[in-house]
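Right, one structure below, let's go through it.
The values are calculated or read from the model by the stated rules, or taken from the named source; none is laboratory data. Computed from a predicted structure; not experimentally measured. We place every Cβ from the backbone using ideal geometry, glycine too, and count neighbours over all the protein chains shown. To get the accessible areas, we keep the full protein, side chains included, count just its heavy atoms, and leave off ligands, DNA and RNA. Shrake-Rupley method; radii C 1.70, N 1.55, O 1.52, S 1.80 Å.
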Amino acid sequence: MKIEIRTTVNGREMEAMVKPNQTVLEWLRDDLRLRGSVEGCGVGVCGSCTVLVDGRPVSSCLMLATNIEGKQLTTIEGLATGDELDPIQQAFLDNQAFQCGYCTPGMIMAIKGLLNSNPRPTEEEARDYLSGNICRCGTYSEVLAAVKSLSEGNGTKQ
Ligand code: FES
Ligand code: FES
């Protein structure tokens, strides 16, 4: 059995048939072939699967696809505009804020959510907000440097 949903993914309105027990992460990767969101833990503790739902970060491994009915979903694939990277993606490059890159899409989406709600976070605020995003390569200081550069670009509040 499948259930019909209407939703918007990366600015594109769509109708889709989803399984009742299918997570947003499974739906994105298996049905839409959007594979930038990745599974780390699968139980909501690592943040690698983070997407935005109505502008707020969500662990897509925990949310059922049926629950995005009528909502705006944004994935890492929706950030760049053509060849122009999102400022967060550019800040990650400029600050070398990744090694293997496995956590990076989720980390960037979490930062997007942070900056949506707080455009000039202090380091403490950024640390607190990103505490649910784990990087096994230990790039935390570079990630915080990227957030700091974005915060300063938005006007300094340190
Ligand atoms: S895979 Fe979703 S939080 Fe770890
Ligand atoms: S860059 Fe490897 S897990 Fe974060």
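Heavy atoms of the protein chains alone define the surface here; on that basis the range 87-153 has 51 Å² accessible area per residue at 1.4 Å probe size. Shown here are the Rg and Dmax of the Cα trace of the range 42-158, at 13.7, 41 Å. Here the chain carries DSSP beta bridges of which approximately 90% are antiparallel, counting only pairs with both residues inside.
So for the range 43-112, what percent of the C-alpha to C-alpha distances run longer than 20 Å? Tail fraction, whole percent: 30.
Remark: the range 59-74, residue by residue, has Karplus-estimated 3J(HN,Hα) of 7, 6, 6, 9, 9, 6, 4, 4, 7, 9, 3, x, 10, 9, 10, 10 Hz, where x stands for each Gly or Pro and the curve is 6.51 cos²θ - 1.76 cosθ + 1.60 at θ = phi - 60°.
Amide hydrogen proximity for THR122: with H placed 1.01 Å from N in the peptide plane, no residue at 5 or more positions away or on another chain lies under 5 Å. For SER149, the shell of other residues with beta-carbons less than 13 Å away shows a net charge of -2, using +1 for Lys and Arg and -1 for Asp and Glu. For the chain, with all protein chains in place and a probe radius of 1.4 Å, 46% of the accessible heavy-atom surface sits on carbon or sulfur. Stretched out straight at 0.36 nm per residue, the stretch from GLU123 to LEU32 would grow longer than its current Cα-Cα span by 29.2 nm. Per-residue SASA remark: ASP54, around 80 Å² accessible (1.4 Å probe; ligands, DNA and RNA not included).
With the cut-off at 22 Å, report for the range 3-78 the share of all Cα pairs above it, as a whole percent. In whole percent, the share of Cα-Cα pairs in the range 3-78 beyond 22 Å is 10.
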